[in-house]
Amino acid sequence: MKRTRILVTLLVALALVSSSCGVGDKIGSVSITANGTTGTINLAGLGGTLQLQVLANYTSGKQIDETNFATYTITPEGVDELGNTLPTPPYGVELNKTGMLTATADQNGNGVCTWYNANTTSTGTSQPTWVMTGDYMIMATYRGFASNPIYIPVASAASNQGTGVCGPSATGK
């Protein structure tokens, strides 16, 4: 009799687990980040790269990297430092299926600068104050879940403002 009860209990537990009754682990959301970055993101230099990561966030708290299986949408927003509309990818930026984002040239073979130095002088010697004029908004979709947007400014062109730079550098200037 004891064996029968144990067997019945195990079969009921197995039936509950396999029929998705009870607590199941489901995707609750999808998130996207740029690996290795903190604060303001800047895709610097023509050919510069950023590795994006897409995580499926499960209701149990578990996170699984789904970067290679997500689909991406890139929307240019704003203008470059000269007031021109940002080029549509693959011009300006290009994203491959592994989430690697690369700064590319525009249709004319030039880099893109979505930064403006609001603190210029005639000598160009003052400390720059960088202001974003545009960005590329990227969203990922995985199994019907859309991620939060991530906004990527681009600094792949030297500035025409006499400083010879475009956007904040690694030294914070």
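The values are calculated or read from the model by the stated rules, or taken from the named source; none is laboratory data. The structure presented is a predicted model; accordingly, all values stated were derived computationally and were not measured. A quick note on method: Cβ atoms are made from the backbone with ideal geometry, for glycine too, and the neighbour counts reach across all protein chains shown.
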Does at least one position in region 108-116 carry a residue that is more than 13 Å from Ser156 (Cα to Cα) and among the small types (Gly, Ala, Ser)?
-> no
When (1) among the aromatic types (Phe, Trp, Tyr); (2) at pLDDT 95 or above; (3) farther than 23 Å from Leu55 by Cβ are applied to Trp115, the one that fails is (2)
Cross-chain or 6+ apart pairs with Cβ under 8 Å, region 22-43 first and within 14 Å of Thr67 (Cβ to Cβ), then among the acidic types (Asp, Glu) and modelled with pLDDT of 95 or more | Val30/Glu66
When region 71-116 is examined, which residues are found to be crowded, with 22+ Cβ neighbours inside 10 Å and of a type outside the set (D, E, K, R)?
-> Leu86, Gly92, Val93, Gly99, Leu101, Ala103, Val112, Cys113, Thr114, Trp115, Tyr116
